[in-house]
Amino acid sequence: MGVTRWGRVAAFAVIVGCVAYAPVAMTQLWPYASPGAPAPGEWLMGRIVSPEYVAEAVRDRIGPYGRSLVPLIVHSVLGGLLMLLGPVQYLSAVRRRRRLHRVAGTVFAVTVYASMAGAALYLARTAPEDAYSGAAFWVVLATILVGTVGSVTFGVLAALARFPDLHQRWMLLCYGFLLTAPLLRLEWGGLPRLFPGLSMAEINRIAIMHLGSVVVFGALLASRALDRRTTVPGVRGTWCPTPLFVAAHLAGAAALVRLSLSLLDGPGAEGPRLLLGYLVPYAVTYAVMAAGHRRAGRRGAGWAREEWRLHLVALCLAPVFSAGAAFVLERFVRLDAWTSLVAGVAIGCGVLAFAATTVVSLRVMYGRELLAREAEPPAVAAAAADEQEAGRR
């Protein structure tokens, strides 16, 4: 698998970050189980921002965490292990160490399920309004949990069905969802410099506006860097003709304007902050994806163009989904209008990227099925058609 120079740099940075974050993840809940226990993450954050910034966050989480401490410790310790297993998976795949890759992959999948089970118990025992940073953060955590479990499940099924390219995409998406944890910690340390005086809970609400789009965008970039094919057997034409492509852009633009105006009407200065945290990463993501789509078309790389195109449509439709999700959360989950809006916007890009990966998978699977049908002898095909007709009768 060929990887570009910048791809290698990015992969190295992610590996170093994951290895460095692993001990932080494994020890972050020790102070809640035993006050005064060492916690490297809190110690470092206290020096980057301030001790008061960290102390306030710990104080606000003691109650909710105390009711689900054991599941959370299981979740965080295994989460740290996943930060180490991810690089092993990547390096073993790149170096074609198949036996190591399969063993590490099995351990990785089992660890994901166990870690997410701990997170699920915490969410089940914690009312949305009692979650740290409020109900919107609870909705985002639940969505990440579902996305992580769903993507690793589809990754395992793709491997069993001998679709290595789809297996790679799903596992990269799974790891992207897992990387929301270390990326959130980076934002805890970086965003206070842009927005001084905000609490960690307020920083969380800014971060969730774009974390989903950032991690799934990273998974897509990694997939495209590792897949250098210009064509895929059986994949012809496009599942997204120009009228649909244009309609998705128009619908997305309209929904984006509506969401932007709604966020600007938010309480105090929070609305503009959240809008900024959403629009800037969204615009950068769109620009890079559109450039990739155009470049693939110019060099005649039909498969790359199709994948970029499907993900571009999903990105355009993310604001449409967010508007609908906000309506559902307010009407049926009984969250207040502002919380529903923030939660809907926060989960839109992640959910639509999952949907786009599903469509890409179906595209490849349909291509294989199409080739199998074309290779089938005419007599066998006619007999199968007669059998189906008899069954209908």
Item to complete: Check every one of the helices (runs of 4 or more DSSP H) wholly within region 1-80 and list those with 3 or more residues that are in contact (Cβ under 8 Å) with a residue 60 or more places away in the chain.
Response: 5-27, 40-48, 51-66
Worksheet entry | Subset of region 49-66 [surrounded by 14 or more Cβ atoms within 10 Å (Cβ to Cβ) and either of a type outside the set (Val, Ile, Thr) or under 27 Å from the mean Cα position of the chain (by Cα) (or both)] | 53, 54, 56, 57, 58, 60, 61, 64, 65
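Would you point out the residue of region 100-148, among those that are outside any helix (DSSP H, G or I) and crowded, with 16+ Cβ neighbours inside 10 Å, that is farthest from the chain's Cα centre (by Cα)?
126
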Practice prompt. Please indicate, with yes or no, whether at least one residue in region 234-256 is among the aliphatic types (A, V, I, L, M), part of a helix (DSSP H, G or I) and at pLDDT below 95.
Written response: no
Worksheet item: Among 263, 315, 220, which is surrounded by 20 or more Cβ atoms within 10 Å (Cβ to Cβ) and within 30 Å of residue 372 (Cα to Cα)?
Response: 220
Worksheet item: Among the numbered criteria (1) at pLDDT below 95; (2) surrounded by fewer than 21 Cβ atoms within 10 Å (Cβ to Cβ); (3) in a helix (DSSP H, G or I), which single criterion is violated by residue 90?
Response: (2)
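Considering only residues of region 223-252 that are among the β-branched types (Val, Ile, Thr) and surrounded by 16 or more Cβ atoms within 10 Å (Cβ to Cβ), which is nearest to residue 373 (Cα to Cα)? So that I can check it myself, show each step before the final result.
Just the residues of region 223-252 that are among the β-branched types (Val, Ile, Thr), to begin with: 230-232, 235, 238, 242, 246.
Within this subset, residues satisfying the condition of being surrounded by 16 or more Cβ atoms within 10 Å (Cβ to Cβ) are 232, 235.
Values: 232: 16, 235: 14 Å.
This residue is 235.
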Discussion item. Checking residue 300 against (1) small (Gly, Ala, Ser); (2) in contact (Cβ under 8 Å) with a residue 24 or more places away in the chain; (3) in a helix (DSSP H, G or I), only one condition comes out false. Which one?
Written reply: (3)
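The values are calculated or read from the model by the stated rules, or taken from the named source; none is laboratory data. What you are looking at is a predicted structure, and each value in this text was computed from that prediction instead of being measured. Glycine gets a Cβ as well: all are built from the backbone with ideal geometry, and neighbour counts include every protein chain shown.
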